[in-house]
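**Student:** Next up is a structure, given as structure tokens.
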Amino acid sequence: MNNEAPTNPFDNENLPFFVLINEQQQYSLWPQITAIPAGWAVVHGPQSRADCVKYLEVNWTDMRPASLIRAELGLR
């Protein structure tokens, strides 16, 4: 059995994570050691990966981008 940490930081449950959001109200789980990309903002963390996943489960209830929701509602 291999007990080494994953080489991909997105898969490493031992790292602290952020939850990010963009202007389309889409979320992303992001390791703290990785630079936050342009157009995204931190809304939660740094916390454990498991805590961030729980945050996403509670807060990201509609996967549609904000622009699609507005279009479906007849808004601009």
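What follows is calculated from the coordinates using simple rules that are stated; it is not laboratory data. Just so we're clear, the structure is a prediction, and the values are computed from it rather than from any experiment. A quick note on method: Cβ atoms are made from the backbone with ideal geometry, for glycine too, and the neighbour counts reach across all protein chains shown.
**Student:** Is it the case, given these coordinates, that residue 10 is exposed (fewer than 15 other Cβ atoms within 10 Å of the Cβ), among the aromatic types (Phe, Trp, Tyr) and touching a residue at least 12 places away in the same chain (Cβ under 8 Å)?
**Tutor:** Working: exposed (fewer than 15 other Cβ atoms within 10 Å of the Cβ): yes; among the aromatic types (Phe, Trp, Tyr): yes; touching a residue at least 12 places away in the same chain (Cβ under 8 Å): yes.
Considered against the rule, which asks whether it is exposed (fewer than 15 other Cβ atoms within 10 Å of the Cβ), among the aromatic types (Phe, Trp, Tyr) and touching a residue at least 12 places away in the same chain (Cβ under 8 Å), residue 10 comes out as yes.
**Student:** When you scan the stretch 47-66, do you find a residue that is touching a helix residue (DSSP H, G or I) at 6+ places or on another chain (Cβ under 6 Å) and assigned to a strand (DSSP E or B), even just one? Give the derivation first.
**Tutor:** Start the filter on the stretch 47-66 by keeping residues that are touching a helix residue (DSSP H, G or I) at 6+ places or on another chain (Cβ under 6 Å), which leaves none.
No: zero hits.
**Student:** Could you tell me how many of the residues in the stretch 1-33 are in a loop (DSSP other than H, G, I, E, B) and closer than 22 Å to residue 57 by Cα? Give the steps one after another, and end with the answer.
**Tutor:** Going residue by residue through the stretch 1-33, those that are in a loop (DSSP other than H, G, I, E, B) are 1-8, 12-15, 23-26, 32-33.
Now narrow it down to the ones that are closer than 22 Å to residue 57 by Cα: 12-15, 23-26, 32.
Final tally of qualifying residues: 9.
**Student:** Which members of the stretch 39-64 meet the condition of being surrounded by 14 or more Cβ atoms within 10 Å (Cβ to Cβ), farther than 19 Å from residue 25 by Cβ and not charged (D, E, K, R)?
**Tutor:** The answer is 46, 47, 48.
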